[in-house]
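One structure is given below, encoded as structure tokens.
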Amino acid sequence: MPRALITGITGQDGLYLGELLASKGYEVFGLVRGQSNPKIATVERIIPSIELVEGDLTDLPSLIGAMEIAQPDEVYNLGAISFVGLSWKQAELTGEITGMGVLRVLEAIRIHTQNDMSKVRFYQASSSEMFGKVRETPQTELTPFHPRSPYGVAKTFGHYMTVNYRESYDAYACSGILFNHESPRRGHEFVTRKVTRAVARISLGLQDSLSLGNLDARRDWGFAGDYVDAMWRMLQQDAPDDYVVSTGETHTIRELLDVAFARVGMDDWSGLVQQDPRFFRPAEVDLLIGDATKAASVLGWKPTVPFHQLIEMMVDNDLLTERKLAADAARV
Ligand code: NAP
Ligand code: F7E
């Protein structure tokens, strides 16, 4: 039975990846942090066979301890401060967790394997945010980086550390340069989930309006369930490499609003959405569109959920959740 350790198991991707690996017969270990992490119950409900290990990306000894307990064949480093907006407010912490955290995981593997890093396969969750002020469109594995946020800078550090350990220690270390991917498990702070939840609540009469930032921003949005499959495929190849994972399509926040409101039968959302300067960013990325040709040809990977279907799935899920929460509240 192969063994995998996932950091960030309580996050959107951690849950999908843990489910995927468990379904493939892996023994899955998930790193959890904090004294009493409220998300543990969700992880145990979604992945009943999960084995949880305590540790934190800011604490190297705990990561070495996690390697000793899990004895992993594969390590997926998904843990991070992943919200770009927060990264300007907590730039130092973002550097520590999202950037230095990668180096600590690599060091934990190096120490655990006594420098024979080829024994453990490593996946780093890199990001399209590294392209930032883009040098070419669409972006490929060869497009130079110009990050535009502390998050993007931290991810770029983690990306180059991964490349460096591959070149220095013969590590089987891969970086997945993933574009935005969403799902009903997405955190409420990200724009897709913020919109689908608000649309569900507005249609149920639980909320009056929605405040957003830049409505003209565009993203290349795919389904998280598809993207974790690409992570796994990267670690099954003969040699380690880096891959862009994306849909190759881009949509604006306005199109996101059109699709989400249409799902609940509301075609004119103009009076329901305000723009609020608090949600604008100090610097925006340019036009991010990924070219996933290499992932398609080498990994045999393709996205399966188109944009409209993804947003409709998220609205439907939020309608169910919000109806249930409202009914529970009425009973109290
Ligand atoms: P997410 O839902 O925000 O999950 C982040 C995870 O990191 C959570 O499990 C969180 O644990 C954990 N974490 C935070 N600080 C930690 C620390 N000090 N030590 C250990 N764990 C810590 O993110 P996601 O959407 O699943 O994304 C997974 C990874 O892919 C992230 O690295 C993200 O930056 C990257 N990425 C995401 C996208 C995307 O569109 N989703 C695209 C490109 C790259 P707690 O529950 O304890 O907070
Ligand atoms: O913003 C605009 C905002 O926060 C998308 C992370 O998973 O993907 C994600 O980062 C766009 C931006 O995601 C609001 O300005 C407008 O242009 O959903 P987001 P992100 O910043 O693209 C990358 C690939 C990652 O690696 C990250 O970890 O939407 N926008 N109004 C807004 N965004 C938010 N959050 N809230 C608004 O009110």
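The values are calculated or read from the model by the stated rules, or taken from the named source; none is laboratory data. Computed from a prediction, not measured in an experiment: that's the story for all the values here. FYI the Cβ positions are ideal-geometry reconstructions off the backbone, even for glycines, and counts take in every protein chain you see. Side chains included, ligands, DNA and RNA excluded: accessible areas come from the protein's heavy atoms. Shrake-Rupley method; radii C 1.70, N 1.55, O 1.52, S 1.80 Å.
Taking the listed residues TYR165, TYR169, the one that is more than 14 Å from ligand 2 (Cβ to nearest atom), surrounded by fewer than 19 Cβ atoms within 10 Å (Cβ to Cβ) and at pLDDT 95 or above is TYR169, with no other qualifying.
The lone criterion from (1) crowded, with 21+ Cβ neighbours inside 10 Å; (2) at pLDDT below 95 left unmet by GLY30 is number (2). All conditions but one from (1) surrounded by fewer than 20 Cβ atoms within 10 Å (Cβ to Cβ); (2) near ligand 2 (Cβ under 9 Å from one of its atoms); (3) not aliphatic (A, V, I, L, M) apply to PHE179; the one that does not is (1). Just one of the numbered conditions (1) closer than 16 Å to ARG218 by Cα; (2) surrounded by 17 or more Cβ atoms within 10 Å (Cβ to Cβ); (3) within 16 Å of ligand 1 (Cβ to nearest atom) is not true of GLU249: (2).
Yes/no per residue for (1) more than 15 Å from ligand 1 (Cβ to nearest atom); (2) not in a loop (DSSP other than H, G, I, E, B); (3) not hydrophobic (A, V, I, L, M, F, W, C):
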| site | (1), (2), (3) |
| --- | --- |
| HIS159 | no, yes, yes |
| ARG166 | yes, yes, yes |
| ILE177 | no, yes, no |
| LYS194 | no, yes, yes |
| ALA198 | yes, yes, no |
| LEU206 | yes, no, no |
| SER211 | yes, yes, yes |
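Considering the range 292-310, and only residues there that are out of contact with any Lys or Arg (no Cβ under 7 Å at 6 or more places or on another chain) and within 16 Å of ligand 1 (Cβ to nearest atom), the residue that is most open to solvent (accessible area, probe 1.4 Å) turns out to be PRO303. On the stretch given as the range 216-244, residues that are in a loop (DSSP other than H, G, I, E, B) and either open to solvent by 10 Å² or more (accessible area, probe 1.4 Å) or within 14 Å of ligand 1 (Cβ to nearest atom) (or both) total 10. Of the residues making up the range 123-149, those that are away from ligand 1 (no atom under 12 Å from the Cβ) and in contact (Cβ under 8 Å) with a residue 60 or more places away in the chain are GLY132, LYS133, VAL134, THR137, PRO138, GLN139, THR140, GLU141, ARG148. Apart from one condition, GLU322 fits all of (1) of a type in the set (Asp, Glu); (2) within 14 Å of ligand 2 (Cβ to nearest atom); (3) open to solvent by less than 50 Å² (accessible area, probe 1.4 Å); the exception is (2).
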